[in-house]
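**Q** Mind having a look at this structure? Questions to follow.
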Amino acid sequence: MNMSLFQLLAQEAPKAPPAGEPGGGIIQLLIPVFAAIALYYFMILRPERRKQQTVQNRLESLKKNDRVVTIGGIYGVVVNVNRESDEVTLKIDEATNAKMRVTIGAVARIVGEESADKANS
């Protein structure tokens, strides 16, 4: 049981498997990395792109008399859509006929479409 230092050094080191045979190598290290990248794509990137595309389509379909809510929480009715200047005019008060201009990107959601989406689900 007692091995001297000389005997330990004299022992032959275990041989590594040849590069062409399974049992080691860079391929086994890359498989989990590729799996993690694929998982990240399908779990995070793809659904986020789909959501952004849906929001973009809704903003492109914005038209007069749509009831909307801005990102600041202001409810209003679309009076005018000017796509060239990226601007929407909203009527925010019926009594005083108050209007405000915001960018199209400031529209968070269309109120009528949201209730229709929930009813279909």
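The values are calculated or read from the model by the stated rules, or taken from the named source; none is laboratory data. Just so you know, these numbers come straight off a predicted model, no measurement behind them. We place every Cβ from the backbone using ideal geometry, glycine too, and count neighbours over all the protein chains shown.
**Q** Condition check: assigned to a loop (DSSP other than H, G, I, E, B) and of a type in the set (Ser, Thr, Tyr). Does residue 96 satisfy that?
**A** yes
The rows are residues; the columns are (1) charged (D, E, K, R); (2) touching a Phe, Trp or Tyr at 6+ places or on another chain (Cβ under 6 Å); (3) loosely packed, with under 10 Cβ neighbours inside 10 Å; (4) closer than 11 Å to residue 108 by Cα.
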{"site": "28", "(1), (2), (3), (4)": "no, no, no, no"}
{"site": "38", "(1), (2), (3), (4)": "no, no, no, no"}
{"site": "55", "(1), (2), (3), (4)": "no, no, no, yes"}
{"site": "61", "(1), (2), (3), (4)": "no, no, no, no"}
{"site": "65", "(1), (2), (3), (4)": "no, no, yes, no"}
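**Q** Give me the pairs, please: first residue somewhere in segment 93-121 and modelled with pLDDT of 80 or more, second residue anywhere and among the polar types (S, T, N, Q), beta-carbon distance under 8 Å, and either six or more positions apart or on two chains.
**A** 99/89; 100/89; 101/89; 102/70; 106/70; 107/70; 108/70
**Q** Quickly run through segment 55-92 and pick out the residues that are within 19 Å of residue 103 (Cβ to Cβ) and polar (S, T, N, Q).
**A** Of everything in segment 55-92, those that are within 19 Å of residue 103 (Cβ to Cβ) and polar (S, T, N, Q) turn out to be 56, 57, 61, 70, 80, 82, 85, 89.
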